[in-house]
Structure formats: structure tokens, C-alpha cells
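Accompanying notes for the structure given below.
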Amino acid sequence: MIINFDNAATTYPKPPEVKRAVIRAVEQYGGNSGRGGHALAMRTSHALYSARTAAAEFFGAQPENVIFTLNCTHALNLAIQGLMKDGGHLIMSSMEHNSAARPGAQLALEKKISLSIAQVCPDDSCTVQNFRKLIRPDTKAIVCTLASNVTGQLMPWKEIGQLCREHNICFIADGAQACGIVDIDISDGINILCTAGHKGLYGITGTGLLITDGKYKISPIIQGGTGSASLSLKQPDILPDSLESGTPCIIGAMSVKAGIGFIRKKGIDRIYSHEENVCRSFIKGLEKNRKITIYRDPQSNYVPIVSFNAAEIPSEELAEKLAQHGYCLRAGFHCAALAHTQLGTKTGTVRFAPSAFSKESDGVALANLINKISNLKNL
Amino acid sequence: MLQYLLYPEKGGLILTVIIMEMPSYTFAVKGEKLLKARGISCDLKRNVNASPGSCGYSLHVRGDAKKAAEILKMNAVPFIIK
């Protein structure tokens, strides 16, 4: 028996239409996109364009500004390294995942850029103020997650976008935990949106997206074959080719298209409500237990993620006990050094993350099991 | 590449097809969809003699080439008329 509450890592199960899209792509889209004029290449190219268009329409972008990547980490590296190539000042939030924090930190360690960390507060206006205070004349970009992958805290991203607009700063948003759950249109102040295809968008693993409004030039960090200007040794300037060297994951792109179709059909608000209800039932089941710490603040808004700890039980030990009963939850530090430092967790947290397929009753049963385990522990 | 057909009854040569070379496959499909949506007949084809700077695909536009070019320019779709 597997009951998956580790959907913040990657969603499972996938919708039936995603499975069908993958099979169809394997069977029919076996050519290489944008490379060749024969029937197989042409129908594969058209299929990839349709996936690009689906993502563009979903996030309010132009199709050529949608870049298929391997995952959100890949997209964030393209954005951060590509934008900060010539130096400057970068600000990131204190809740960033390592996918954003490490490329920024690496550039700073190599003394190619200067880096500042803006403290995230439970109160949104305090968070925005902390970003504002750090802006300098040479600030080139702000990187901020739309929702923390540890606690699920929603960031005031529209206000941060506005702040960036006021100061002519590029806003790079990490949408890994928000896309597919929160309605996001890049015209709401996001210049570059980086996200995973395999989480809230329900595509397969090995998929990600970089979506830009085209305002800021992103220098490619990988060069290679694009199917265009083949006789030139210079990487093409034009998007998506400049950032999409090599054969893209066509099967993955088709799975993301089908995942977006699933979200549209089900309704993004309904998905959010359902998952948040599962979270509320889970929290309600734990709230009378004084040994449980839940990392949610009444002042903040959250995507459907609940991070918690049970008294002195190390997070990995608790997750292991839950796994013995078939529950899949991720424990530890969730690749988020900055966030766990801010939270002050000693052994990390256990993270509960439902999906559109999760059952409220499973969340309640899990809470009961956690209560039982924490009460058995001799403290 | 411009292709002409002779229509003596109309007094001479009439332009029938104009070939627009595209810089990327993505822009080629985008251009094709934009033109078709505005009633301009066109086909996306692989070029046999592609210019070095192109992606190897082109739009074969039949009809009002000037209007087609305007639509593409208005939508920031780059192209080269061969």
C-alpha cells in the first residue's frame, strides 16, 4: 500500500490523460523537433509547438518565450547564471530552495556578483520592506520563490513584482510549489518564471519550464545544436533556440501539455481548495497534540503544504515509521538550507504535501497515526 | 524565391507564392498560425536551399504578400523574404 503525501517533490499518481499523452508521444512523436522536413520530424515539431503554446497560454506568455528545461533547477540556473553573467547585485529571499540559492551563492563565492538575502517575515509587508531595503543602484535581479517548498508559505510575489518594476530590476520567480495550484500570469510582474513540469503541472519527471516576458536578455549557459543557423558557430540569439540547445524532452513536454489540460479541466481553484481541505483535516487531527509543532503562522498564507515535527523525534525517524505503514512523506532539510536555517530546525521537518488525488480520510488517518507514534515515545 | 504564373487574360505576371525564410521552427509555426487565422493561405515547408542564417523552414505564402509581411512584423515574428 502506498499513500503518497510527498507531492511537493513530484506528484504521484499522474492523471490518466498524462499517461495517455506519454504513450502517444512514444508511439507517434519519435522524430526530432525542428530538425528535418520528413513526416516524422514535422509531426513531432508540431506536437512540441502545441505543448509550448499550452504552457504559454497557461502563464500568459508568448510561445517563443517558453523554454523547456530538465526541471526547475535547470530553469533557475539558466535564469540566474544567464542574467548575472556580467556581474551586479542579486537579492534572494531567506526561504529559497537550493536550486536558486546555490547558483547565486556560487557566483558570489567566485566574486562574480554580490549577493544579499532578504529575510522573509510572517507578515507580507515586512517581507516586501526587507527586499526594498536591500536594493542598490547595481541591483540587477530579485529571486524569490512564489511559495516555500518547506512550509508552503506564499510570498507576496505581486508586491515584489511591483517593487522590481519600480526599480527596473528583473524578477525571477521560482514557481515550483505554486504553479498548478495558484493562478499565475507573468504579466503580474514576473519577468522570468521558473517551474517544474512534474509537480503541480502533473507532467513526468525530467520536465521543467523557463518562461520569460522577454524584457531581460538571458545569456545561454549551454551552447549547441538548435536546428537553426546550423552553419554558424555562434549560438542563435533568438528564443527559444538560444536557451534550448540539444534535443528537448518531447515526451516530457507532451506530458506537461496533458497535465495543464488536466488542471484546466478540473479547475485550478478547485484543486487548491481540495488540497487545502486535506491539509486542514490533517492539521485538525494533530492540533490537540501538544507534542506536535506545525510550521504555519496565522499571519501568513500557504499553498497546500504542512511542515511539522513530533516532539523530539528526529524528522527522518518519524518519516521512516510512517513509511512502514505505507505513508510517503519527505523528511529532513528539503534541499533548502536557507529556509531551515531561518526556521531553526535541528533535524529538519516532516513535510505533508497532498495532490489533486489525495483523500481527506487518508490525511486524518495519518494524523491519528502520528498522534499514536508521538504518544508512544517515552519523553 | 518568387514564383510567377502567366495569366495573359489579366495582362501579365501575377505573383502566386512568396517564400519567407524563418529564423526558428517556433517562429515558423507561430507565423503560419497567425497568417492562417487572418485568412492568408500559407504552408510551412522545409527549405531545399535554406539560407545559412535560417532554421531550414519557410512559409510559402499565397496571396497578399504585403499584408502577410505586415501581420508578421506587427506580431514581432522575424522573417526574410528570399
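If I stretch the segment between A:Cys126 and A:Ser232 completely, what's the gain in nm (0.36 nm per residue apart, minus their alpha carbon distance), one decimal?
Going from the current span to full extension adds 33.1 nm.
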*Calculate how steeply helix A:250-266 sits against the longest principal axis of the alpha-carbon atoms of chain A, using the helix alpha-carbon long axis, and give the answer as 0 to 90 degrees to the nearest 10.*
60 degrees
*asked:* Can you compute the FRET efficiency between B:Lys73 and A:Arg20 using 1/(1 + (r/R0)^6), with r the Cβ-Cβ distance and R0 = 45 Å? Round to the nearest 0.05.
replied: 0.70
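Summed for both chains, how many Å² of accessible area, to the nearest 100, are buried between A and B with a 1.4 Å probe? Can you show the working numbers first?
Details: alone 16430 and 5030 Å², together 20010 Å².
Chain pair A/B: roughly 1400 Å² of buried accessible area.
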*asked:* Only protein chains counted, 1.4 angstrom probe. Which residues of the range A:60-101 are at least 40 Å² less accessible in the assembly than when their chain is isolated?
replied: A:Glu64
*If the cut-off is a Cα-Cα distance under 17 Å, which lysines reach A:Lys266, setting aside same-chain residues fewer than 8 apart in sequence?*
A:Lys14, A:Lys19, A:Lys199, A:Lys257, A:Lys359
*Separation of the A:Lys158 and A:Arg270 label points, Cα + 7 Å toward Cβ, nm*: 2.4 nm
_Relative intensity, log₁₀ I(q)/I(0), of chain A from a Debye sum that treats every alpha carbon as a point, q = 0.06, 0.08 Å⁻¹_ = -0.23, -0.42
_Need one number: nm distance between label points at A:Phe357 and A:Asp297, each 7 Å from Cα along Cα→Cβ, rounded to one decimal._
3.5 nm
*Peptide A:224-236: average number of partner chain Cβ atoms within 10 Å per residue?*
4
*Which value in nm describes the separation of the simple spin-label points at A:Lys372 and A:Glu316, placed 7 Å from the Cα toward the beta carbon?*
2.6 nm
*asked:* Using a Förster radius of 51 Å, what is the FRET efficiency between A:Met1 and A:Lys133 based on their Cβ-Cβ separation? Nearest 0.05, please.
replied: 0.50
*Mind checking B:54-60 for the average number of partner chain beta-carbons within 10 Å of each residue's beta-carbon?*
4
*Apply 1/(1 + (r/R0)^6) to the Cβ-Cβ distance of A:Asp183 and A:Thr247, taking R0 = 25 Å, and write down the FRET efficiency to the nearest 0.05.*
0.20
*Solvent-accessible heavy-atom area per residue, rounded to whole Å², over chain A at 1.4 Å*: 41 Å²
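Let me know the mean shielding of B:26-35 by other chains, meaning the per-residue number of their Cβ atoms within 10 Å of its Cβ.
Across B:26-35, the average partner-chain Cβ count within 10 Å equals 5.
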*Let me have the relative contact order for chain A, percent, based on Cα pairs under 8 Å that are six or more residues apart.*
23 percent
*Whole Å is fine, so just give me how far the alpha carbon centre of the range B:22-39 lies from that of the range A:194-241.*
20 Å
*asked:* Please list 3J(HN,Hα) in residue order for the range A:343-358, calculated via the Karplus relation 6.51 cos²θ - 1.76 cosθ + 1.60 where θ = phi - 60°; whole Hz, with x for glycine and proline.
replied: 6, x, 7, 7, 10, x, 9, 9, 10, 9, 9, x, 10, 4, 9, 6
*Accessible area of the range A:16-265 belonging to carbon and sulfur atoms, whole % at 1.4 Å probe*: 53 percent
*Of the cross-linked pairs B:Lys45/B:Lys82; A:Lys265/B:Lys73; A:Lys85/A:Lys346; A:Lys112/A:Lys346, which ones have a Cα-Cα span greater than 25 Å in the structure shown?*
A:Lys265/B:Lys73; A:Lys85/A:Lys346; A:Lys112/A:Lys346
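The values are calculated or read from the model by the stated rules, or taken from the named source; none is laboratory data. These numbers come from a predicted model, not from an experiment. Cβ coordinates were reconstructed from backbone atoms using ideal geometry, including for glycine residues, and neighbour counts include every protein chain displayed. Keep in mind that these areas ignore ligands, DNA and RNA; they rest on the heavy atoms of the full protein, side chains included. Shrake-Rupley method; radii C 1.70, N 1.55, O 1.52, S 1.80 Å.
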